[in-house]
Amino acid sequence: MGLIDQIKDILANGPNDWRARVRETIELTSPEGTNFSAKWQSGPRDFDKKLGVFLYPKVKGNIVQDLDANSTRYTTKLFFDGEQNDKDANKFFLACRETGTWQITHPIHGFLELQLVSVRELNDPVGSGNVTEIDVQWIEPLDPLTLKTASELAAQLDEKIKDLNTNAAQQFADNLNQKSEAFSRAIESATTKATLITNTVTKPLFDSIDALDNAITAIQQGINDVKTQTTILTDSLAGQLQQLTQLPSLGIGDGQSKSKVYSDLVDGLVGVLPITIRQPEIARNEAAVSELCMVAAIGAVAKVATVSTLVTRAQAIKLADSITELFDTVTEKLDESQTDFEDQDFVTQYFSQTQTYKTASDLIATANQYLLTLAPSLQVEKRIILDRPRAPIEITISEYGDLGEDDSNFDLFIETNELKGDEILMLDRGVEVVVYA
């Protein structure tokens with residue numbers, strides 16, 4: 001499979017080959033945020049119909065009323081292998097006691113938010129000493145407010161991102177004017193500037209991931225090839241600029257850090273908007289390029305909601321706020337640019353988000369709905385101001401009950417409070433620390 005095909009798989013519906021669509025492992029995140037990766041062999045999913053069955057005397061058979069379906073149930077066989085398989089399996093088994101739903105990337109069905117029903121560990125060191133099998137039963141719960149599952153909302157989110165990209169590409173094509181060489185070169189210049197800004201700002205997200213870095217390099221080469229043509233193919237250019245903007249959302253970093261990157265990107269793309277309107281056709285081309293990339297950033301930050309690991313309710317709420325703020329900023333900046341064209345002839349004026357505002361608004365609402373659906377299953381952040389000098393190890397035991405398997409609770413306390421050096425041994429009076437309940 002070529003690199004461009006791989007990029008299309010990431011941003012669209014996945015590969016056409018079933019073998020390529022099956023993931024090698026199953027990824028699981030416990031209610032308290034512990035991550036597990038296990039081998040997976042097989043496992044059914046099933047559901048029952050809700051049926052109203054009515055019996056009448058002296059009537060053969062029943063009248064049956066279809067009352068829709070019960071939640072989907074999943075049965076998974078997890079395999080932990082390697083030298084530490086027994087410890088990894090035990091850590092997972094203990095995590096199954098946590099309260100709340102699990103976030104799971106299923107090898108076949110993708111992202112799921114599931115409620116654990118039962119777990120059984122099979123101990124067979126003689127027959128299978130290098131592998132520990134754990135059988136797990138799950139059920140997919142509905143959100144009590146939306147009456148939808150998290151995976152349904154995630155799928156809706158992906159579809160709305162595709163709709164936004166389609167509408168933005170069409171508006172991009174409608175806004176551009178290539179009737180002269182000067183107009184086409186204005187598109188090329190604005191694209192060069194937008195590409196440089198996008199690459200510089202988003203590079204921390206993908207720089208250390210070879211696959212993403214190579215893919216983005218290929219996209220940049222494609223943009224260079226398209227923008228220098230005598231007649232620029234607007235659909236190709238639009239798709240490549242959207243890929244360049246949105247692909248880094250799959251890179252490293254938590255949800256808040258990624259949303260900050262895209263906020264900085266939008267601030268940078270404001271510099272691509274026209275400063276003066278001496279030549280309205282050229283200025284509108286510049287505005288069109290900037291708008292396409294800004295709207296793509298909205299799609300990217302919405303995607304961040306489904307690809308980020310969220311541990312606390314505060315993280316989910318902050319990410320929802322950040323997504324909304326980004327949308328508001330994009331709308332504000334593009335509307336300001338639109339007002340600069342008010343004195344121009346109507347046919348040369350620039351009108352912002354005429355085909356994307358409603359789609360973007362629906363996307364943001366769905367992203368927020370998804371995050372609010374996840375929030376109740378996440379941990380609550382608790383902040384404590386120390387009234388006396390206390391040792392982090394003592395605080396960990398007091399707040400979490402123990403140090404955790406392999407000191408996992410102690411490590412969590414150190415990492416979440418960014419403790420270093422002597423702080424790991426003792427904290428002064430008045431220091432504020434964070435724990436999760």
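Key figures
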item	result
Cα-based helix-to-principal-axis angle, 85-95 vs the chain, degrees rounded to 10	90
Relative contact order [Cα under 8 Å, 6+ residues apart], the stretch 381-436, whole percent	60
Qualifying trypsin sites (Lys or Arg not before Pro) in the stretch 154-226, DSSP loop, other Cβ atoms within 10 Å at most 13	Lys179
GNM top mover of Ser249, Ser408, Ser30 - the chain, alpha-carbon springs below 10 Å	Ser408
Net lengthening on full extension, Thr200/Arg383 (0.36 nm per residue, minus Cα-Cα)	62.3 nm
Under 23 Å from Lys382, Cα to Cα: lysines that are on another chain or at least 8 residues apart	Lys318, Lys420
Among Gly222, Thr200, Gly268 - extreme Cα towards positive end, dipole of the chain, charges at beta-carbon	Gly222
Assigned charges on the beta-carbon of Lys, Arg, Asp, Glu; the stretch 376-437 dipole about Cα centre (debye)	340
Highest-first arrangement of 338-346, 71-79, where packing means the average Cβ count within 10 Å	71-79, 338-346
Near-label residues of the stretch 364-407 by backbone N, under 19 Å of a point 7 Å along Cα→Cβ of Leu94	393-407
Gain in span if fully extended, Asn224 to Ser128, counting 0.36 nm per residue against the direct Cα distance	29.1 nm
For Ser259, net neighbour charge (Lys/Arg +1, Asp/Glu -1) across residues whose Cβ lies under 15 Å away	-2
Theoretical FRET efficiency, 1/(1+(r/R0)^6), r = Cβ-Cβ of Asp328 and Thr348, R0 45 Å, to 0.05	0.95
Cα centroid separation, the stretch 57-85 to the stretch 364-384 (Å)	28
Between 0 and 90°, nearest 10: helix 210-227 axis offset from the chain longest Cα axis	20
Between 0 and 90°, nearest 10: helix 234-246 axis offset from the chain longest Cα axis	40
Residue with peak Gaussian network fluctuation, the chain [Cα springs, cutoff 10 Å], from Gly255, Gly100, Gly43	Gly43
Mean separation of Cα contacts under 8 Å, 6 or more apart, over the residue count of the chain: relative contact order %	14
Whole-number percent relative contact order across the stretch 3-139, with pairs defined as alpha carbons under 8 Å at least 6 apart	25
Too-long pairs where the Cα-Cα distance tops 18 Å, listed order kept, from Lys160/Lys303; Lys162/Lys358; Lys162/Lys227	Lys162/Lys227
Ellipsoid equivalent to the stretch 49-191 - semi-axes via the Cα gyration tensor, in Å	47, 33, 12
Debye equation applied to the C-alpha atoms of the chain, log10 I(q)/I(0) at 0.06, 0.10, 0.13, 0.14 Å⁻¹	-0.34, -0.84, -1.18, -1.28
Projected label distance in nm at Gln115 and Thr192, using a 7 Å step from Cα toward the beta-carbon	5.9
Proximal charge balance of Leu112 [Cβ under 11 Å; K/R count +1, D/E count -1]	-3
Proximal lysines to Lys50, defined as alpha-carbon separation beneath 29 angstrom and excluding residues fewer than eight positions away on the same chain	Lys58, Lys60, Lys77, Lys148
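Quick note: the coordinates plus some simple rules give every number you see, no bench work behind them. Bear in mind the structure is a predicted one, so any value in this text is a computation, not a measurement. Don't worry about glycine lacking a Cβ; one is built from the backbone with ideal geometry, like all the others, and counts go over all protein chains shown.
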